[in-house]
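Participant: First the structure, which I've put down as structure tokens, then a few questions once you've had a look.
A short reminder: the numbers here are calculations on the coordinates, not readings from a lab. Being a predicted model, the structure only gives us computed values, none of them experimental. We place every Cβ from the backbone using ideal geometry, glycine too, and count neighbours over all the protein chains shown.
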């Protein structure tokens with residue numbers, strides 16, 4: 001009975017709270033690419049695309065419960081989620097180097113670097129059983145405290161600190177009053193999205209705290225969608 005209730009809760013949460021972000025984020029990516037096709041729009045839209053793909057794979061995994069495919073789909077989804085949000089750093093770096101035409105090789109190295117280090121979620125999640133997603137957890141993804149601590153360290157070192165450094169650079173680079181306000185709005189929403197990542201790992205680790213889990217479900221996903229929209233609005237008029 002406990003597992004049945006947990007499974008119903010899982011399916012309900014996914015179908016109610018995790019389906020519409022797929023369409024919303026895909027729509028934002030479509031609008032960006034429709035407006036202009038250049039490196040800036042490709043990078044910014046890829047953030048939305050990777051996150052939409054992560055949501056899609058998580059939702060799809062629910063329909064494969066009681067099979068090994070559910071775990072595989074979920075853990076791959078987490079990779080796309082982490083790598084997708086790492087692109088905020090790449091995007092900020094590209095904005096700082098916007099007038100530098102000799103950064104192609106460095107750009108691809110940075111993309112490769114974040115693509116590779118994001119695989120930690122696959123190795124720790126699968127090989128060290130940092131992520132459990134099976135009948136023993138009621139088909140609710142559960143993270144080990146080791147993965148939780150490692151992920152927070154990863155976020156701090158590779159996402160938060162570089163973003164702080166790049167934020168100061170961006171504020172100095174863009175001196176125009178209107179565009180500078182857009183940059184500040186972008187940076188504020190990026191840091192909120194990073195907070196969302198910290199909260200997500202706590203949500204899947206602190207599974208015994210139902211109060212936090214309920215608050216998370218009702219508060220963070222809607223705010224994250226608002227943040228995604230604000231990021232889109234920050235540049236939609238300037239991406240040419």
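Participant: Of 208, 59, 134, which has the largest mean-square fluctuation in a 10 Å C-alpha GNM of the chain?
Facilitator: 208
Participant: Grab the Cα-Cα distance for residue 19 and residue 215, subtract it from 0.36 nm times how many residues apart they are, and report the gain in nm with one decimal.
Facilitator: That works out to 68.7 nm of additional length.
Participant: Once fully extended, how much extra length lies between residue 146 and residue 181, figured as 0.36 nm per residue of separation less the alpha-carbon to alpha-carbon distance?
Facilitator: The span from residue 146 to residue 181 would gain 8.7 nm if fully extended.
Participant: Quick one: helix 210-235 against the long Cα principal axis of the chain, what's the angle to the nearest 10°, folded into 0 to 90?
Facilitator: Its long axis makes an angle of about 20 degrees.
Participant: Roughly how tilted is helix 104-117, in degrees to the nearest 10 and between 0 and 90, from the longest Cα axis of the chain?
Facilitator: Helix 104-117 sits roughly 20 degrees off the main axis of the chain.
Participant: Multiplying the sequence separation of residue 113 and residue 69 by 0.36 nm and subtracting their Cα-Cα distance, what value in nm do you get?
Facilitator: Gain on extension, residue 113 to residue 69, equals 13.1 nm.
Participant: If contacts are Cα pairs under 8 angstrom and at least 6 residues apart, what is the relative contact order of the chain in percent?
Facilitator: 22 percent
Participant: In whole Å, how far is the Cα centre of segment 131-195 from that of segment 29-81?
Facilitator: Value for the Cα centre distance between the two parts: 17 Å.
Participant: Mind giving me the FRET efficiency for residue 169 and residue 134? R0 is 30 Å, r the Cβ-Cβ distance, nearest 0.05 is fine.
Facilitator: 0.10
Participant: Ok, one more. Under a 10 Å cutoff between Cα atoms, tell me which one of 22, 219, 117 has the largest fluctuation in the Gaussian network model of the chain.
Facilitator: Looking only at 22, 219, 117, the largest GNM fluctuation is found for 219.
Participant: Springs between alpha-carbon atoms under 10 Å, Gaussian network over the chain: tell me which of 153, 47, 89 tops the mean-square fluctuations.
Facilitator: Judging by the Gaussian network model, the answer is 153.
Participant: Roughly what angle does helix 20-35 make with the longest principal axis of the chain, taking Cα atoms, 0 to 90 degrees, to the nearest 10?
Facilitator: 20 degrees
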